[in-house]
Structures are given as structure tokens and as C-alpha cells.
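First the structure, in the form of C-alpha cells, and then the observations on it.
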Amino acid sequence: MLLLCGPTLTAQEAEMYSGEFRVGKYSGQANFGYEIREGDTLLQGPFVFQRSNLGALLESGDYTFVFRGNFADDYPSGAWEFQFGEFSTDSQTEVVDFQYKVNVSGKQHEALGIMSEGKPDGLWTHTVNEVRNSKLEDVLFRSSIRFDKGIPQKTFQIAFNGNTLAGRLLRNGLAHDQWTLYSDEAAGGATEHWFFNEGVLERLEFQSGEAWQTIDFSDNPGGNYREAALDQNFFQSLEWQLPEGASLQVPDMLQENQNRYARINEVLSGLGKSDFKPGFRVSIPVRDIPVENLELWQSFDSIQRKLLTKTNEILENPQLQLARRSDEEAATYYTQVDTIRKTFALPFAKMARWVRSGALGQASLEELSVRLWSTVYTDDKGIIDYSDFSAEKYVELATMMLNGLEEIEDQIATRLVRQREAQELRELEKEMVRLMGVLQLQVDSIPPGSPEAVDLAIRALGSFGEEEITNYSSKIEDEDKTASAQKLVTCLKDLNRLAEAVAQQPERQAEIREAYTDQIWNPFTATIMDETVKRRLLNAYTDVLVNHILEAARGENPCEKAAYWAQVLDASYERMLELRKEDTSKLERKLKREKNPQTVIDMFALNLDVDE
């Protein structure tokens, strides 16, 4: 049944649709026939679905597709053609026969064949071409397989990545006879031979360097067989019998072919009823595994995944990566985790993969264990008893390794925290020294002739800062020096800010006195004289507020309120300039005989963002 996106389609007999259409990730223009039967939409007759966009091509590149074929009662039937393209252009155009012509470069996957009731039938070919300036540059992939109502049979051929695989299938789709892989780079042509007998893999011959190696599978135990897909699971089930590091190309060739068919099956399944796949099959040995063992292997699989994931996460931790280069303890932890990964996590992952792929149907657990651990440990003296290995044993080992790894992880976390704190302390101490240098510079820069109260206040702030640094330096390492360093850095910042504000007071106060001075005519002396206005306001600012702050700077612990007093000095200076232009008669009456600096601050209505 097809669910159409776009206009609602309702009918009792064959209708045609033409317009915007979407199937999965593909969106474009479609033309097709359909019928409504008992509420279900069934595709009928010719079908065309395509997309291309010239604007996108000219701007940054375009992806294109064309799906063309027929449906019968919702089943893909008859001749079908599929094209998938990814193209770009150099944007150079020419006019040919009144049409603009644009050269393109990119790749195009094209598939051609016949469908019968939603299954491939007859010869199907897949080709991936590389195109440069609208000319064929290379054939990247080619596949030719014959089907009979979805079952592959007879000879087939797949070419990919410089290799060509040729083989034969029985009428039931089982691999049969000799399959050969030919390489363009091999001197003799062939690099792999796979020998099947009615789906059973009997022998494998492959080239390794200059020599050929042979693996005989005919003696594998297991009298019962079952059919299975010839896919990556099958090849993984053979992995335990292959030499370490063996590189075979046939699995990759078949996987690439499977990917091409899966791409089209995704489209057809989204349209109607389809089963479009290569369908190669084999016969594999079957061994019964007790139910309790199946549960143990599932548990083992879950534990080993956690173990491998955790080792990778720890080894890829940027902090640990940096720390191990200069810290011996961190380097030891890194080595321990790396050893667990190589000697346990990776072998466990391989065993889990073998079990999932059905290797226990081909060999005993003892045989798999011998093959697995012989690549990890040298056991010349025969110390390891492989017959003792069981599903329960693997669960125990994996659990033990995971628990041990988690303990190491906790130790690493503690170590990294200590190192991070040490680095933070070093940065704080550097900042501490810098701030003290700035404060001392302010002391040394006191202009000659500065008011005594200003001079004493700045020198007192510098002395207090030096005293605090001396006290800090005498702390033993076991004490929480980081917290003390953070506190002292904050203190020195505040002292610097207050010292800067105090140093500006002579200039600021002169500016304010000038602002609060008017020139008036004295008729008795017949001269113009200076007269201070708003005297109560000026006295409250100078004699009460500023003097109090200068005295507080010489107190026992100026750090406690240094930030607050610095902001009061800055804000009150700005406020005094504003009050000169305002009607302050009421405020002046309130300030009469006021000696409390905090009350003055409140009356001035200063805009402060630092609490007292």
C-alpha cells in the first residue's frame, strides 16, 4: 500500500497523478497511475519519478535521480531503470541548436533489469560511472546477475576497485563451484579462489604476498547444515580460521554489490511491495547451543561492548593524552588501560563477533579459544587449559576486566583532577604576582606633592597586598592553597581598583571644586569674586565620604570592602557632577551636620552593583 504525500487521492477506478512526490529521502516530480481498493492505494501502470535542478548544479552541485518502470497491483513489474547521480559543473556554457549546454563531472549509478511481482527477474546490471566534462572517465563498479523470480542463479560477475569476481550459483541461489577473484595488479591475474559445493564452503585459496595460502574447511565438525545469507555474518564466522591480518577482497566485493541493491530496494519498498536483493546463499554447519549458554553469551556481548567502549574513551581522553607526556603516574595509567584494550577488550570483541556470526556452529568453543588467545599470548609450555573455557568463564573474565578498568578510571580521574588543580594553582600564582606588580607600580607612581591622605592610602594598600602575598607563600603544600590563591587574586584585583580610584581623587576633587564655584560681583570691592555654591553638598562629599574611604584604605583589612569603596569613589564623582545641575535644596537640608558616610551614600542615590 502506498501513502501519497501531497493531494489526497480518492477514487474507485484507475486514476493518474502528476506533481510533487516524495519517497523516503527522495523528493521530485512523479507521473503514475493508481487505484483505490478497499481504502488502499495501489500503483498501476507506468511510473516515472525524477529530479534534477540546474540552479543547484550551477551554484554548488546537484544530486539527480530517475526511477522509471511499471506497477501491477502495487508490485514493481516489467522493465525498470534506476539512475542516481551526483554532479558538479565549472559553470561554462555554450549554445547548441538554440539550447544551452553545460558540461558536468561526477558519478552516476545506473541499474537496468526486469521485475516480476516485486522481485528481480532475468539479467540485472548495475554500473557506476565516473564522468568528467560530460565524458565517461572510468567505470567504478559493475555487476551482472541473473535471477529467476528473485533467486540468483547461473554465472555472475562483479567488478569493483580494480578487482573482478566471477562465480556460479545453483538454481536455488546456493554458491557452487569455484569462485575466482581477478586483480588488475596481480601478475597472474587471480588472487583468491573460493570453492563451494552446493552452498558449503570447502576450501579457500588466497595470495599472501608472493605465496599462496590454503584453508581447508571440509573437516569442520557439524553434520547438520542450514541455509544462510552469504553476507558479512558468514565471513565473520570464518574469521577465526584465517591467519592473523589476512586481507580478503571477496567480502568487500559482495558488500559493495549488496549496498547497490539495498539502495534500490529502499526506493521500491517505499513505493509498493518489493524484495530486491542479491540473495546469494550458503549452507553452514549447525550446532545446538544450550539456552542457558545463549543467555550467557548475550551477557558477555553486553559486558565486552562496555569494556571496549570504556577503554577507547579513556585512551582518547585529551587530558590523559597530554598528562601522560609529562606525568609518570598518568603514563602508567595510560599503559595499563592500553594493555587491557589490546589483551582483553579487543579479543573479547572478536569472540563476541564470532559467536554472533555463528562460528560456534562450525567449531567448538575450545577451538575458538585456542585460535583467539594464541594471537595474544605465547603459551609454549602449555600452561593455558583451553578446555576450561566456557560461556560462563568468558562472562567472569569480562566482568573482572570491566571492574578493574573502572577502578583504574577512578584513579585516573583523581589524578587528572589533582593535575588540573595544580595547573590552576600555577596560573593563579602567576596572576597573583602580576597583580602585585601592578599595585606596586601604582605606589611607585604617586606624584610628588600628592595630598598626604591619598599618599598614605595608596601606600597602605600596597603594603597590605605585599603582606598578604608573604602570608600566602608561607602556607604548606597540604593546605588548600588553590582556595587561598583564588581569594588573594580577588583581593589584589580589588586593591588595584581602589588604588587607581584613590590616585584619581586629587584631579577629580579639583574638577568638582571648580564645578561648584561661581563668579559673583562684589559691590563693596567692585571686583568679581569666586564663591563656593552648594557648600553642604560639597562638604558631605569631600569631608565625610572621601575622607572616610581614604582612612578605610589604611585599615586592618582593606580587601573586605575595597571593591565597594572603589565603586563608591567612581559613582560619587559622577553623581557630584550631575547634582551641580539639579535642584538640591532639599538634599542639602538633609545633609546638614550629617557625618555618617553610609547615609551620605544613600542620600546621593549612587548606582552601585557591588554590595557593601
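Going by what's in this entry, would F71 be described as part of a strand (DSSP E or B), touching a Leu at 6+ places or on another chain (Cβ under 7 Å), open to solvent by less than 40 Å² (accessible area, probe 1.4 Å) and closer than 27 Å to G19 by Cα?
yes
Within region 169-196, how many residues turn out to be open to solvent by 70 Å² or more (accessible area, probe 1.4 Å) and more than 16 Å from A229 (Cβ to Cβ)? Steps first, please.
Keep residues of region 169-196 that are open to solvent by 70 Å² or more (accessible area, probe 1.4 Å), which gives 171-172, 178, 182, 184-185, 187-188.
Subsequent filtering for residues that are more than 16 Å from A229 (Cβ to Cβ) retains 171, 178, 182, 184-185, 187-188.
Summing the residues that are open to solvent by 70 Å² or more (accessible area, probe 1.4 Å) and more than 16 Å from A229 (Cβ to Cβ) in region 169-196 gives 7.
Given (1) hydrophobic (A, V, I, L, M, F, W, C); (2) at pLDDT below 90; (3) open to solvent by less than 30 Å² (accessible area, probe 1.4 Å); (4) over 53 Å from the mean Cα position of the chain (by Cα), identify the lone condition not met by V454.
With (1) hydrophobic (A, V, I, L, M, F, W, C); (2) at pLDDT below 90; (3) open to solvent by less than 30 Å² (accessible area, probe 1.4 Å); (4) over 53 Å from the mean Cα position of the chain (by Cα) applied to V454, the lone miss is (2).
Going by the conditions given, is G437 at pLDDT 90 or above, out of contact with any helix residue (DSSP H, G or I) (no Cβ under 7 Å at 6 or more places or on another chain) and either in a helix (DSSP H, G or I) or under 17 Å from P558 (Cβ atoms) (or both)? Even if it seems obvious, please write down each step before you answer.
Values: at pLDDT 90 or above: yes; out of contact with any helix residue (DSSP H, G or I) (no Cβ under 7 Å at 6 or more places or on another chain): yes; either in a helix (DSSP H, G or I) or under 17 Å from P558 (Cβ atoms) (or both): yes.
So G437 passes the test.
Out of everything in region 97-107 that is of a type in the set (A, V, I, L, M, F, W, C) and open to solvent by less than 40 Å² (accessible area, probe 1.4 Å), what residue ends up being nearest to Y261 (Cα to Cα)? Please lay out each step first, then the result.
In the first step, residues of region 97-107 are kept if they are of a type in the set (A, V, I, L, M, F, W, C); the result is 98, 102, 104.
Now restrict to residues that are open to solvent by less than 40 Å² (accessible area, probe 1.4 Å): 102, 104.
Working: V102: 31, V104: 26 Å.
Ranking the candidates gives V104 first.
Identify all residues within region 403-459 that are farther than 27 Å from L322 by Cα, hydrophobic (A, V, I, L, M, F, W, C) and touching a residue at least 60 places away in the same chain (Cβ under 8 Å); write none if there are none.
Selection gives L435, L439, A453, V454, L456, A457, I458.
Sort out which residues of region 241-278 are of a type in the set (S, T, Y) and surrounded by 19 or more Cβ atoms within 10 Å (Cβ to Cβ), and write them in order of number.
So the first thing to find is which residues in region 241-278 are of a type in the set (S, T, Y), and the list is 247, 261, 269, 274.
Y261, S274 - these are the residues of region 241-278 that are of a type in the set (S, T, Y) and surrounded by 19 or more Cβ atoms within 10 Å (Cβ to Cβ).
Here's the yes/no breakdown for (1) out of contact with any helix residue (DSSP H, G or I) (no Cβ under 9 Å at 6 or more places or on another chain); (2) in a strand (DSSP E or B); (3) open to solvent by 20 Å² or more (accessible area, probe 1.4 Å); (4) free of Cβ contacts under 8 Å to residues at least 24 places away in the same chain:
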| position | (1), (2), (3), (4) |
| --- | --- |
| E94 | yes, yes, yes, yes |
| H109 | no, yes, no, no |
| G113 | yes, yes, no, no |
| P120 | no, yes, no, no |
| W124 | no, yes, no, yes |
| V131 | yes, yes, yes, no |
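Taking region 362-372 as the region of interest, how many residues are in a helix (DSSP H, G or I) and open to solvent by 10 Å² or more (accessible area, probe 1.4 Å)?
Pass one, region 362-372, residues in a helix (DSSP H, G or I): 365-372.
Restricting the remaining residues to those that are open to solvent by 10 Å² or more (accessible area, probe 1.4 Å) gives 365-367, 370-371.
So the count comes out to 5.
If you go through region 426-441 one residue at a time, how many are of a type in the set (D, E) and either surrounded by 15 or more Cβ atoms within 10 Å (Cβ to Cβ) or over 16 Å from K487 (Cβ atoms) (or both)?
Initial filter on region 426-441 (of a type in the set (D, E)): 427, 429, 431.
Going one step further and asking which of them are either surrounded by 15 or more Cβ atoms within 10 Å (Cβ to Cβ) or over 16 Å from K487 (Cβ atoms) (or both), we end up with 429, 431.
Going through region 426-441 one residue at a time, the tally reaches 2.
Which of the residues that make up region 141-166 are of a type in the set (G, A, S) and either without any contact (Cβ under 8 Å) to a residue 24 or more places away in the chain or open to solvent by less than 10 Å² (accessible area, probe 1.4 Å) (or both)? Lay out the reasoning, then the answer.
Filtering region 141-166 for residues of a type in the set (G, A, S) gives 143-144, 150, 159, 162, 166.
Selection gives S143, S144, A159, G162, A166.
Just to be sure, is R281 among the basic types (K, R), open to solvent by 70 Å² or more (accessible area, probe 1.4 Å) and over 30 Å from G122 (Cβ atoms)? Let's see the steps before the verdict.
On the way: among the basic types (K, R): yes; open to solvent by 70 Å² or more (accessible area, probe 1.4 Å): yes; over 30 Å from G122 (Cβ atoms): no.
When the stated conditions are applied, R281 does not pass them.
Return a yes/no flag: does region 273-284 have any residue that is under 37 Å from the mean Cα position of the chain (by Cα), at pLDDT below 95, part of a helix (DSSP H, G or I) and not assigned by TED's automatic domain parsing to the domain that holds S390.
No: zero hits.
Among the numbered conditions (1) farther than 17 Å from R260 by Cβ; (2) touching a residue at least 12 places away in the same chain (Cβ under 8 Å), tell me where G55 comes up short.
Only one criterion in (1) farther than 17 Å from R260 by Cβ; (2) touching a residue at least 12 places away in the same chain (Cβ under 8 Å) is unmet by G55, namely (2).
Please determine, by comparing only the residues of region 285-299 that are modelled with pLDDT of 85 or more and crowded, with 17+ Cβ neighbours inside 10 Å, which one is nearest to L123 (Cα to Cα).
Let us first name the residues in region 285-299 that are modelled with pLDDT of 85 or more, namely 295-299.
Now restrict to residues that are crowded, with 17+ Cβ neighbours inside 10 Å: 296-297.
On the way: L296: 46, W297: 43 Å.
Looking at the filtered set, the residue picked out is W297.
The values are calculated or read from the model by the stated rules, or taken from the named source; none is laboratory data. Because the structure is a prediction, the values reported are computed rather than measured. We place every Cβ from the backbone using ideal geometry, glycine too, and count neighbours over all the protein chains shown. Just the protein is used for accessible areas: all its heavy atoms, side chains included, with ligands, DNA and RNA removed. Shrake-Rupley method; radii C 1.70, N 1.55, O 1.52, S 1.80 Å.
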